[in-house]
Amino acid sequence: MAMATAIMVMPTQIKNMTIKSLKERTISGLIWNAIERFMVQGGQFVIRIMIARMITPAEYGLVGMVAVFLVLSDVIINGGFSQALIQKKNRTDLDYSTVFFINFSLGLIIYCLLYYFAPEIAHFYKDDRLIDVIRLISLSIVIKSLSVVQIAKLSIELNFRLKTLVNFWAVLVSGILALCLAYRGYGVLALVYQAISYSAFVTLLMFIVSKWRPKFEFSFSRTKELFNFGSKVFLAGLMGVLSDNSYSILIGRIFTSKEVGFYSQGRNLPDLLSVNLFNVLQGVLFPVMAAAQDDRERLMSIYKKSLDMTAFIVLPCMVGLVVIAEPFVKVFLTDKWLPSVYIIQWLALSRMIIPLGAINANLLNAIGRSDLYLKIDLIKFPLTIAGLFISAPFGLEYMVMSNFAVSVCYFFINAYYPGKLFGYGAFKQLKDMFTVIISTILMYLSVNYIQVDNGMLDIFIKIFLGGVVYTISCTLLKVNALREVFNFARNKITGGAS
């Protein structure tokens, strides 16, 4: 969600580019988006796995319980005003300074609220250990608020390279610190200090690499102007975060911190693959789609290719994750995390559908219908809550199964307006994805029943064989996305692509 809203505001710059410049920016953006998503966030994922081997699921679950408050804080600070700043055409230092002080003030207010209400939150989750955890980890919110404007400036300048490098070094340094603390027996505090140090290093590096410095000036009229745009982005982001994290809130309330730990760990890998695969593609495809909003034929062509390519990549990756979930947990997380296997599997199926629905929602932003985009999020939220309360009495496994069922409903909800406005609804989309779905099923059947005693070898065989079967199936069924990939690769090798 955060990435989708960030991308939404960049077509202004893109429309002013030449075709050649747009192609160059597209390729560059794709490369650096891929690097940031899989090097930076992949690095965070590896560090979390290493820490998880040294602490207990119950300790891991404590941070999982408060993670929702950190994510909500990010939406409040990063959502409305910073996105409005990116969208604004004629920005001045007054705009930048105004947003800087707004964000810093919001960070302080959120920190004070969390500090004051920490005992009540701990009481809600029935775990007094959360009081100190909340009060410590909330410092990261204040620190992070100081770098939002600098990050927005990099987005305005389309400087993905510098943004990636800053995040990489922050992940590396904070990760090493957290690993040292976990090794020395600090438990949950290792994760707490990782969050604080990551925010601190990002802020420090942003002030070093950015030439901009805040001035002591503020404008209420500029605040009102920025709020007019940012409020819709903020509300859509807020509803999305509440929907995505409502499971964590209720699980933390009903179950123990140990089970929250299993859930938090279980969603890490599906989120890493699904969200980042989607964002790498959409980080480049969506602005191009938005730039073509006045050319209906070209817009639909880009939109359909986005759906095809996303399904082609995401479906086999997430189904493959279902197959390798158990050996992966045994090898990398150890047997103490085995209860998270079924969580990984069901959430992988859920995350398989979410990127496809999100592309439909993003089409509405591309044509300037953010009102419909917000309306969709408002419709989906009560559906999530209903799924939660229906499944909760039956246990954690049924709750993650309901997450999958709700995600299926999301796809049809997100596809409603594209069907109404463009005549390309859910069933037509599924029909065009049919060959990819069949290829994915054949891949699953070919590897699901293979079992090798050596965990690493088991993972390797399943990934290799699954990839071969999937590629052959897509070739025989003449999947359009595979042909696009082959054509692109051939052009790059022969020098035919710019």
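The values are calculated or read from the model by the stated rules, or taken from the named source; none is laboratory data. Note that this is a predicted model, so its numbers are computed, not measured. Using ideal geometry, Cβ is built from the backbone for each residue, glycine included, and neighbour counts are taken over all protein chains shown.
Only one of the listed residues (356, 338, 388, 347) is modelled with pLDDT of 90 or more and within 22 Å of the chain's Cα centre (by Cα). That residue is 347. Restricting attention to the range 239-261, the residues being among the aliphatic types (A, V, I, L, M), in contact with a Phe, Trp or Tyr (Cβ under 6 Å, 6 or more places away or on another chain) and either surrounded by fewer than 20 Cβ atoms within 10 Å (Cβ to Cβ) or modelled with pLDDT of 80 or more (or both) number 1. Listed by first and then second residue, the pairs with beta-carbon distance under 9 Å, at least 6 apart or on different chains, first residue in the range 414-427 and over 9 Å from residue 360 (Cβ atoms), second of a type in the set (Val, Ile, Thr) and part of a helix (DSSP H, G or I), form an empty list. Residues in the range 108-128 that are crowded, with 16+ Cβ neighbours inside 10 Å, touching a Ser or Thr at 6+ places or on another chain (Cβ under 9 Å) and not hydroxyl-bearing (Ser, Thr, Tyr) were compared, and the one that is nearest to residue 260 (Cα to Cα) is 127. Evaluating residue 368 against the criteria (1) at pLDDT 80 or above; (2) at positive phi leaves one unmet condition, (1). Summed over the range 88-107, residues that are loosely packed, with under 14 Cβ neighbours inside 10 Å and not hydroxyl-bearing (Ser, Thr, Tyr) total 3. Any residue that is within 24 Å of residue 448 (Cα to Cα), of a type in the set (A, V, I, L, M) and either surrounded by 19 or more Cβ atoms within 10 Å (Cβ to Cβ) or touching a residue at least 40 places away in the same chain (Cβ under 8 Å) (or both) - is there at least one of those in the range 362-373? Scanning the range 362-373, I find no residue that is within 24 Å of residue 448 (Cα to Cα), of a type in the set (A, V, I, L, M) and either surrounded by 19 or more Cβ atoms within 10 Å (Cβ to Cβ) or touching a residue at least 40 places away in the same chain (Cβ under 8 Å) (or both), so the answer is no.
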